[in-house]
Every structure is written in structure tokens, then in C-alpha cells.
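Got a structure for you, written out below as C-alpha cells; questions coming shortly.
The values are calculated or read from the model by the stated rules, or taken from the named source; none is laboratory data. Quantities reported herein were computed from a predicted structural model and do not represent experimental measurements. FYI the Cβ positions are ideal-geometry reconstructions off the backbone, even for glycines, and counts take in every protein chain you see. Remember, those area values only see protein heavy atoms, side chains included, never the ligands or the DNA or RNA. Shrake-Rupley method; radii C 1.70, N 1.55, O 1.52, S 1.80 Å.
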Amino acid sequence: MKSVLVTGAAAGIGESVARMAASRGYRVGVMDVNAEGAARVAQSLPNAVALCGDVRDPDAVEAALDQFGEAPSVVVNNAGIVRFASLMDHTLEDWKLALDINLTGTFIVARAAALRMREHGGGSIVNLASINAINPGTGIGSYPASKAGVIRLTEQMSIEWAQYGIRVNCVAPGFIDGGMSTPIYANPEVRRIRGGAVPLKRLGTCDDVAEAILWLASDAAGYITGQNIAIDGGVINSVIANLPRV
Ligand SMILES: NC(=O)c1ccc[n+]([C@@H]2O[C@H](COP(=O)([O-])OP(=O)(O)OC[C@H]3O[C@@H](n4cnc5c(N)ncnc54)[C@H](O)[C@@H]3O)[C@@H](O)[C@H]2O)c1
């Protein structure tokens, strides 16, 4: 049986990945720093275990992997945060927090899992970047830098770990109507403007992202490693198209 460990799976995109994976026959590790949320999601799934742990803490990550009890065939490094601030107003504490969770946490979980995958002939890792890794935006502190780091880290892991049969890819979600962006899209005017700016003319959903993650993780993508796929309805390519001609 295939198994997947999803970090940050108590809410948003991670919860969607956990639910979709369970519906497709995976055994699921629902890992989150929010123990109550992880338990709620795991209890609602047919074959899942709640794993409490902070991705910044290597001992907690090892304990979560031990509790899962097998080398996962798939790991989804989804736990992430954003701290809203312009760079001039960004506290060093918040700068470090987003880097520690989004980038260093991805490294800690991926390496711990890869060491176990190596012993079992391979596996697949999917990391969460963001379109902000490519088009930075403003007022989101170290988030774009942390996510740009995730893309380059993905590339490096993919070439170092290919010899062990471990594929590593990432996805870059765009304007997603869910998860950490829920408060942003609670405003109907923001929904209208942002949805209208997307070439596919709608906001994305957590399930749109989960579909791409599970495809990249699956054997169907067995010859793909080190790639980033934007799940954004075309928005990162639309800057020039959205400018008026006159
Ligand atoms: N929702 C979006 O618009 C969007 C867009 C682009 C990228 N992303 C990325 O997708 C991923 C998921 O985002 P989301 O929108 O579902 O967010 P979310 O806030 O809904 O969920 C994030 C989950 O991560 C958990 N978490 C936070 N810090 C943790 C830590 N240190 N250790 C373990 N778990 C931790 C939280 O408890 C939460 O359950 C993030 O990496 C985010 O940067 C989201």
C-alpha cells in the first residue's frame, strides 16, 4: 500500500492532500504542529494517523516518522506560514520565522524522510513553493525569499537523491481560495479583481493544488524530478496580457 506523510495537514491545502490521498487508497500521516487539528483530520479518514510535530524541530520530525512506522512512499512538505509586513517594517523575528518553517522545515522533513526512503528503494517528495517565489509581490516579508529557496532546494535534492530512486518536485500555487488566503478572498471585491486577472478566470481551490501534488507524487510522473509546476490558472504569465494596449 502507498503511504503519504503530509505536513501542515490540519488545514487548507494540506488537509485537501490528506483527504484526496486517503480517498485514493493511501495510508496517510497527518502531521501538524496543531495536534487537535491533526487528530480531527486523521479521525475522519479511513486509514490515517495523527502526527503532532513542528517541522523546525528535527527530534519531533524523527518521532513523527517513527510513529508513522514505515518509510513513507510520499512526503508532501506543505507546512508554511506568511507574515505580512513590508521589508522596511519586517521584524527580524518574523523574517526568521517564515524562513525557518517554510525553507529550513522543508529541508529537515525532506532529509529525515529521504534517509528512510533510501533504505526502502526510493520514494517521492513534493514541496510547496508559491507564485511569490517567481513574482514576489509586496508586503509579505521573507515569504517570497523562503519560497524561492524551496524551488532551488528542490532542484538540489532532486539531483543528489535521484541515485536513491527519490524524486523531488515542487508546486507553486497562485490565487488559492482557501487555507492561509481565506481572509484575503473573504472580500468580494478582491475576489472579483483577482479572479478576473487570472487567465482561466477563477480563483484556484485547495483541491486544484492537491490534484497536481498527488499526480507529481505518483508513478504517472515517474520520469519527472527537480521541477516546479505553477498551479495558478496562468497568472504568472499574464502580466503583459493584462496591461491595456492604449
Ligand atoms: N493558500 C494559498 O493561497 C497558498 C498560495 C501559495 C502557496 N501556499 C503554500 O501552501 C502551503 C499550505 O498553505 P495553506 O494555505 O494551506 O495554509 P494554512 O495556514 O491553511 O495551513 C498551514 C498548516 O501548516 C501548519 N503549520 C504551520 N507551522 C507549522 C510548523 N512549524 N510545523 C508543522 N505544521 C505547521 C498549520 O498549523 C496549518 O495547519 C504553505 O506552504 C503555503 O505557503 C498557499
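Return the residues of the range 1-31 that are under 17 Å from residue 75 (Cβ atoms) and touching a Gly at 6+ places or on another chain (Cβ under 6 Å); say none if nothing qualifies.
5, 6, 8, 10, 13, 14, 31
What number of residues in the range 118-177 are part of a loop (DSSP other than H, G, I, E, B) and out of contact with any Phe, Trp or Tyr (no Cβ under 9 Å at 6 or more places or on another chain)?
Narrowing the range 118-177 to residues part of a loop (DSSP other than H, G, I, E, B): 120-122, 129-130, 134-139, 141-142, 165, 174-175, 177.
Of the ones still in play, those that are also out of contact with any Phe, Trp or Tyr (no Cβ under 9 Å at 6 or more places or on another chain) are 120, 129, 134-135, 138, 165, 174.
Selection size over the range 118-177: 7.
Which members of the range 52-105 meet the condition of being away from the ligand (no atom under 14 Å from the Cβ), β-branched (Val, Ile, Thr) and touching a residue at least 12 places away in the same chain (Cβ under 8 Å)?
Across the range 52-105, the qualifying residue is only 74.
Here's something else I'd like to know. List, please: which pairs have Cβ atoms under 8 Å, are six or more places apart or on different chains, and start with a residue in the range 19-42 that is within 13 Å of residue 2 (Cβ to Cβ) and of a type in the set (A, V, I, L, M) and end with one that is open to solvent by 10 Å² or more (accessible area, probe 1.4 Å) and in a loop (DSSP other than H, G, I, E, B)?
22/45; 22/46; 22/47; 28/45; 28/47
Residues checked against (1) of a type in the set (Lys, Arg); (2) at pLDDT below 95; (3) within 26 Å of residue 74 (Cα to Cα):
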position	(1), (2), (3)
148	no, no, yes
155	no, no, yes
163	no, no, yes
180	no, no, yes
185	no, no, no
194	yes, no, no
227	no, no, yes
241	no, yes, no
246	no, yes, no
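Here's a follow-up. Got at least one residue in the range 195-205 being among the polar types (S, T, N, Q) and within 11 Å of the ligand (Cβ to nearest atom)? Give the steps one after another, and end with the answer.
The initial filter retains those residues of the range 195-205 that are among the polar types (S, T, N, Q), namely 205.
Narrowing further to those that are within 11 Å of the ligand (Cβ to nearest atom): 205.
The answer is yes, given that some residue of the range 195-205 is among the polar types (S, T, N, Q) and within 11 Å of the ligand (Cβ to nearest atom).
Moving on to the next point. Taking the stated definitions as given, is residue 128 under 22 Å from residue 206 (Cβ atoms) and open to solvent by less than 60 Å² (accessible area, probe 1.4 Å)?
Working: under 22 Å from residue 206 (Cβ atoms): yes; open to solvent by less than 60 Å² (accessible area, probe 1.4 Å): yes.
So residue 128 fits the description; yes.
Does the range 185-218 hold any residues that are without any contact (Cβ under 8 Å) to a residue 24 or more places away in the chain and surrounded by 16 or more Cβ atoms within 10 Å (Cβ to Cβ), and which are they?
Here is the first cut: in the range 185-218, the ones without any contact (Cβ under 8 Å) to a residue 24 or more places away in the chain are 185-196, 215.
185, 191, 194, 195 - these are the residues of the range 185-218 that are without any contact (Cβ under 8 Å) to a residue 24 or more places away in the chain and surrounded by 16 or more Cβ atoms within 10 Å (Cβ to Cβ).
Sticking with this structure for a sec: Would you say residue 164 is open to solvent by 60 Å² or more (accessible area, probe 1.4 Å) and aromatic (Phe, Trp, Tyr)? Spell out the reasoning first.
Values: open to solvent by 60 Å² or more (accessible area, probe 1.4 Å): yes; aromatic (Phe, Trp, Tyr): yes.
Judged against the criteria, residue 164 is a match.
Also, I was wondering about something else. Take the residues in the range 1-43 that are within 15 Å of the ligand (Cβ to nearest atom) and assigned to a loop (DSSP other than H, G, I, E, B); name whichever of them is farthest from residue 66 (Cα to Cα).
Among them, the one singled out is 11.
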